[in-house]
Amino acid sequence: MTTLSTNLKRLRINAELMQWEIAEEIGVRQRTYEAWENRGIEPKVKHLLHIARFYNVTVDDLISKDLILNLKV
């Protein structure tokens, strides 16, 4: 799993959201979001920007840092 994939999953779980909920927020299908999170498929830049804004992180942090949060996982 990539840093991005791991961060997507951690942020979503920390926000207590289901995959379909964040996918709807971003404007993609749940299956597309699932591919980003579980199969390491990389989203388009416009989707990265939307995700970063939604979670109040930078795109750089999202793709390159291990965003360790007080997770419930």
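One table, with the values for the structure above:
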read-out: Where trypsin sites (Lys or Arg not before Pro) fall in DSSP loop in the chain, at most 15 other Cβ within 10 Å; value: Arg29, Arg39, Lys44, Lys65, Lys72
read-out: Low-density loop positions, GluC sites (Glu not before Pro), the range 1-67 - DSSP coil, at most 10 other Cβ in 10 Å; value: Glu16
read-out: Helical mean residue ellipticity (222 nm; -39500 (n - 2.57) per DSSP H run of 4+; nearest 500) of the chain; value: -18000 deg cm²/dmol
read-out: Dimensionless Rg over Rh [the range 3-64; C-alpha; Kirkwood]; value: 0.90
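Coordinate-derived values only; no laboratory data. Keep in mind it's a predicted model, so treat the numbers as computed, not measured. With ideal geometry, Cβ positions are generated from the backbone for all residues, glycine too; neighbour counts draw on all protein chains shown.
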